[in-house]
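The values are calculated or read from the model by the stated rules, or taken from the named source; none is laboratory data. Worth saying up front: this structure is predicted, and the values here are computed from it rather than measured. With ideal geometry, Cβ positions are generated from the backbone for all residues, glycine too; neighbour counts draw on all protein chains shown. The area values use the complete protein model at the heavy-atom level, side chains included, leaving out ligands, DNA and RNA. Shrake-Rupley method; radii C 1.70, N 1.55, O 1.52, S 1.80 Å.
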Amino acid sequence: MPSVAEKQTSLEELSSLFPLSFPIPNPTTHSDIISTKDLHREEDLLRNPTSFRAWWTAINSIRDAYNVQKKAEAGTPLPTEIVAILGPLASPLSRNTFQRLIYIYEAALVQFPNSFKLWKSYLNMRMSFVLGNLVVKKRAGGKKRLPDIKDALDETEEDLEEWETPLDPVVGWEEWKSLIATFERALMWLPKLPRLWLMYFSIFFHPRCPSVIAHTHARHTFDRALRTLPPSLHGRIWAPYILWAERRGGETMAVVYRRYLAVDPTLTERFAALLLNSTASKPRPLEAAKLLLSLARKAARGEYHSPEGKSPYQLLEDWIDVVEKYSEEIGLDVEETVESNDAIAQEDADREAEKNESKDVKPASVTGELIRMAGPAVPVTADGKPAPPYDEDEDPLSSRKLNIENIIKKDGLSVYKDQAGRLWTGLATYWTKRGEFERAKETFEEGMKTVLTTRDFTQIYDAYAELNESLLSALMEQLEEEDDPEEAAELEQEIDRRMPEFEALADRRPFLLNDVLIRRNPNDVQEWEKRVALFGDDDEQVAKTYTQALETINPRRATANLHRLYLSFAKFYEEGGVSGEAEPDLNSARKILEKATKVNFKTVEDLAEIWCEWSEMELRNENYDEAIRVMQRATGLPKNTKINYHDHQSLSSQARLFKSLKLWSFYVDLEESIGSVETTKAVYDKILELRIANAQIIVNYAAFLEENQYFEDSFRVYERGVELFTFPISYEIWNIYLSKFVKRYGGSKLERARDLFEQALEKCPPKSCKSLFLMYAQLEEEYGLAKRSMAIYERATQSVADEDKFEMFTIYIAKATENFGLPATRPIYERALEVLPDKQTAEMCLRFAALERKLGEIDRARAIYAHASQFCDPRVNPRFWSEWNTFEVETGSEDTFREMLRIRRSVQAQFNTESSYLVAHATNAEQGNAEKAEEATPSDPMAAADKQANGPAFVAAKKTGPVNQENKSSAPPPPQAANEDEIHISDDEDI
């Protein structure tokens with residue numbers, strides 16, 4: 001291993017090789033620059049010194065020759081130590097080529113000093129021999145033409161060049177210095193080209209760049225570039241300048257950023273983050289906090305838009321995070337905060353007083369405009385608005401600390417009311433980090449007493465509980481480690497003092513949460529009721545809560561069931577407190593209810609509930625006369641009774657109370673229970689006079705009179721009821737009235753009963769008159785004439801609704817059969833067939849045909865079947881065709897049976913052409929399975945035998961094969977033994 005002296009000797013030997021490029025090598029000073037092979041080239045350049053192509057060809061020939069010789073020498077590697085120090089200039093070939101290229105480039109630049117192509121190639125060549133071999137990076141995609149500063153920084157950082165095995169800056173210092181001098185000469189000739197400046201800047205990012213170049217010289221170079229280039233190109237300079245400043249850190253970074261932020265504030269957030277996380281220098285939390293505070297305020301005013309997409313509140317939250325982390329470096333202590341708060345309050349008071357005084361000052365001009373003649377200039381922003389006044393809290397160069405408490409209340413709580421939980425917690429955390437636990441507790445308490453949402457309260461309460469728990473845990477750990485008895489005793493006392501506070505906080509949580517909900521909506525009746533329930537058996541607190549609730553709630557804005565609060569309060573005094581141990585106080589309960597009757601509730605029903613419950617209370621305490629008096633007060637009639645009960649906009653609940661049916665219903669029930677018949681009738685009559693009665697009131701009034709043997713009066717009440725109401729409400733009254741009348745008088749007042757029925761049926765709608773007709777007809781059957789009864793049934797079949805006509809005809813036919821026999825029903829059937837819809841006509845035809853068959857009229861029955869067949873689709877109504885088939889089998893002949901089959905095919909073909917075919921097919925498909933199951937197991941033994949024989953029930957004239965009745969098919973199956981001489985007659989032909 002070489003010794004230190006040997007290493008020192010080798011370094012001195014290597015240093016003796018330099019400088020290579022200064023002074024500029026030429027054939028006079030360096031004989032090996034030009035060989036005999038280069039004489040022709042030199043002569044050509046001397047003859048054509050102004051030919052750029054000749055010079056460019058000469059440069060490329062030297063490069064190509066160097067690359068060829070370098071590949072040839074690749075087999076003999078150089079010592080690693082030499083390569084690590086000299087880099088690209090480790091071999092004699094590279095050093096000689098380096099001098100030859102410098103000679104040819106310098107000679108060419110004498111002829112073309114303003115050639116950008118030549119300078120760029122020359123500078124790249126010298127950089128490759130000094131900075132090392134350039135690492136080629138793979139690129140994907142294109143670049144933005146005019147990116148913003150954030151994207152420009154990212155692109156510049158990605159595009160930073162990387163080199164391998166550079167020239168050692170100590171040994172090759174002269175070459176590094178010569179490279180810088182070459183760049184300076186190039187910029188002297190081409191100062192307006194940003195590409196040369198960017199190539200120059202890349203040297204400053206080299207990891208082996210000498211500190212003499214990479215610090216002060218680099219900063220001066222960046223500044224010269226900004227002064228030299230036009231403002232439109234400054235964006236290309238600022239990106240590497242800011243990246244270089246970030247790598248330097250410290251005051252350099254701060255100065256560079258301040259210069260840039262004066263032009264473009266979009267990087268303020270990045271600057272604040274660097275001030276806190278810079279690895280090259282000590283964090284500056286105060287400066288970062290002031291920058292973030294300034295951004296939050298500007299964003300709230302709409303003067304700043306975060307490039308990260310952060311809202312004004314998010315910027316303020318970032319500021320709070322910084323304050324929590326660096327509480328000692330940023331904020332004032334408790335005493336200074338109190339003094340600052342007092343000073344701010346005094347300033348606000350003085351400012352308010354000046355405003356009040358300025359209101360009394362008369363204007364200098366009433367009609368004309370005031371012209372400002374002198375005074376200092378008014379600062380304005382870029383959009384022409386007045387600039388905000390100077391605030392030391394936003395000045396990052398000021399060393400004054402911040403009043404965190406005032407800032408959070410002014411810029412946070414007063415603006416972002418929906419984030420109060422986070423803001424209060426942040427302020428309390430700030431005091432906790434400073435060790436001001438009592439101030440932190442005061443902050444938590446104040447926050448819980450001011451927030452308006454459950455989420456904010458939960459956030460504050462959880463942080464408060466966590467603080468108390470952590471303090472107790474820290475005290476217990478300290479007590480375990482403490483050896484001094486006196487200190488241990490003090491710690492135990494401190495723990496004993498804090499433990500009840502922590503337990504009391506847990507006990508207070510339901511009350512604190514209830515306070516939050518009541519603050520959010522003081523008119524929430526349910527929350528006030530919950531608060532009453534929280535106090536349990538504490539009668540004093542319950543009474544105070546009720547009183548506070550009734551004083552706080554606005555009746556017009558209260559939630560539902562405000563009257564229940566008054567009633568619960570009155571019941572509280574009536575029952576002697578919550579536990580019932582106190583003496584009942586009816587006078588206090590009456591005072592509360594008296595006060596409740598004067599409250600303008602949202603609805604009249606709530607006020608009526610108050611009066612009813614008051615009367616109920618008197619009844620519970622056996623004050624019957626007082627209960628009556630209470631209801632008499634409640635139902636007192638005003639002079640003008642023609643008011644709109646539903647006019648809640650202009651009329652109070654008290655003005656509309658006398659029309660409350662709920663109140664009158666309770667009053668009349670009370671009179672029925674403890675009053676006389678006369679007083680009860682008077683109350684009912686008032687209800688009818690006010691025209692607020694419903695059908696139930698009419699029925700109750702009539703039932704009450706009937707119970708007390710006032711039958712005619714009860715009938716008059718029914719009559720008044722049917723006059724007040726129309727159908728369908730009056731239908732129920734008529735139904736009860738007529739049944740009661742018939743039950744009482746029967747046939748003694750038949751004409752009067754008939755008149756009542758006629759009155760009821762006069763205006764009765766078709767859908768409601770069925771039961772009235774039946775009742776009317778039954779009356780005539782029992783007490784009148786059968787002929788009149790039949791006439792009523794006849795009217796009913798014409799008047800009832802369509803859906804009831806079939807049933808009414810059925811009843812009519814049954815009654816006609818009972819009174820006059822079967823033949824008398826024929827006209828009824830015929831009229832029914834004319835009136836009923838198609839679906840019901842088929843059923844009626846079946847009954848009519850059965851009637852005719854009973855009477856022996858087979859031809860009439862067959863004609864009825866033929867008439868009904870036009871309404872019956874064989875797929876939908878198989879029952880009809882089955883009965884007709886049975887009828888023909890039992891009573892017909894082969895001709896009639898064939899006629900039935902023909903009609904069936906005709907009807908089926910008719911229905912196949914209609915749109916109902918698919919619907920009929922779907923309906924029949926569901927019935928098919930059931931029919932098949934019935935056919936598989938016939939219940940009639942004779943039918944089973946016929947089915948097994950597969951033959952007709954009558955004897956055919958000729959043997960033409962069986963008729964398949966089950967499938968309803970007219971085509972018989974082929975016979976087993978066919979007769980060639982038999983004449984076949986088609987079923988489609990008429991026989």
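Some values worked out for this structure:
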read-out	value
For GLY331, residues with placed amide H under 5 Å, excluding near neighbours	LEU402
Charge dipole (segment 111-191, unit charges on Cβ, about Cα centre) - positive-most of ALA152, SER128, GLN111	GLN111
Per principal axis, descending, Cα span of segment 64-131 in whole Å	41, 22, 15
Sparse-neighbour loop sites [trypsin sites (Lys or Arg not before Pro); segment 558-607; at most 11 other C-beta within 10 Å; DSSP]	LYS598
Chain lengthening between SER473 and ASN623 when straightened (0.36 nm per residue, less Cα-Cα)	47.6 nm
Length-normalised contact order for segment 524-574 - Cα pairs under 8 Å, 6+ apart - percent	45 percent
Where no second cysteine Cβ lies under 4.7 Å, the cysteines concerned in the chain	CYS209, CYS612, CYS845, CYS872
Cβ-defined net charge surrounding GLU618, 11 Å radius [Lys, Arg +1; Asp, Glu -1]	-3
Net charge over other residues, Cβ less than 13 angstrom from the Cβ of ARG860 (K, R count +1; D, E count -1)	0
Under the Karplus curve 6.51 cos²θ - 1.76 cosθ + 1.60, θ = phi - 60°, whole-Hz ³J(HN,Hα) for segment 693-700, x wherever Gly or Pro sits	6, 10, 4, 5, 5, 4, 5, 5
Net charge over other residues, Cβ less than 15 angstrom from the Cβ of ARG126 (K, R count +1; D, E count -1)	+1
Whole-Hz ³J(HN,Hα) from phi, Karplus 6.51 cos²θ - 1.76 cosθ + 1.60, for segment 812-819, glycine and proline x	4, 5, 5, 5, 5, 5, 5, 8
Cα-centred dipole magnitude for the chain, charges only on beta-carbon of K, R (+1) and D, E (-1), debye, nearest 20	5560 debye
Candidates per GluC sites (Glu not before Pro) in segment 536-601, loop by DSSP, up to 12 other Cβ within 10 Å	GLU581
Sequence-distant residues sharing a close amide H with TRP163 (under 5 Å, placed H)	VAL135
Dipole of the chain [Lys/Arg +1, Asp/Glu -1 at C-beta], most positive-end residue of ALA816, GLY447, THR228	THR228
Accessible area (Å², per residue) of the chain, counting only protein heavy atoms and a probe of 1.4 Å	56 Å²
Which listed pairs, of LYS120/LYS177; LYS150/LYS298; LYS642/LYS767; LYS530/LYS662; LYS749/LYS854; LYS137/LYS192, have C-alpha distances above 30 Å, in listed order	LYS642/LYS767; LYS749/LYS854
Cβ-based charge dipole, the chain, positive-most Cα from LEU276, GLN69, THR797	GLN69
Length-normalised contact order for the chain - Cα pairs under 8 Å, 6+ apart - percent	4 percent
Rounded to whole Å, sorted largest first: equivalent-ellipsoid semi-axes of segment 653-743, Cα gyration tensor	22, 17, 9
Efficiency of FRET from Cβ geometry, SER739 and GLU494, R₀ 56 Å, rounded to 0.05	0.05
Length gained when the stretch GLN709-PHE22 is fully extended (0.36 nm per residue, less Cα-Cα span)	233.3 nm
Residue-span extension gain [THR603 to GLU678] - 0.36 nm each, minus C-alpha spacing	23.8 nm
Estimated Rh, segment 719-844: Kirkwood, alpha-carbon pairs, angstrom	15.3 Å
Binned Cα-Cα distance frequencies in segment 190-333 - 5 Å width, integer %	2, 9, 18, 18, 17, 14, 10, 8, 4, 1, 0, 0
Efficiency of FRET from Cβ geometry, SER15 and THR50, R₀ 35 Å, rounded to 0.05	0.30
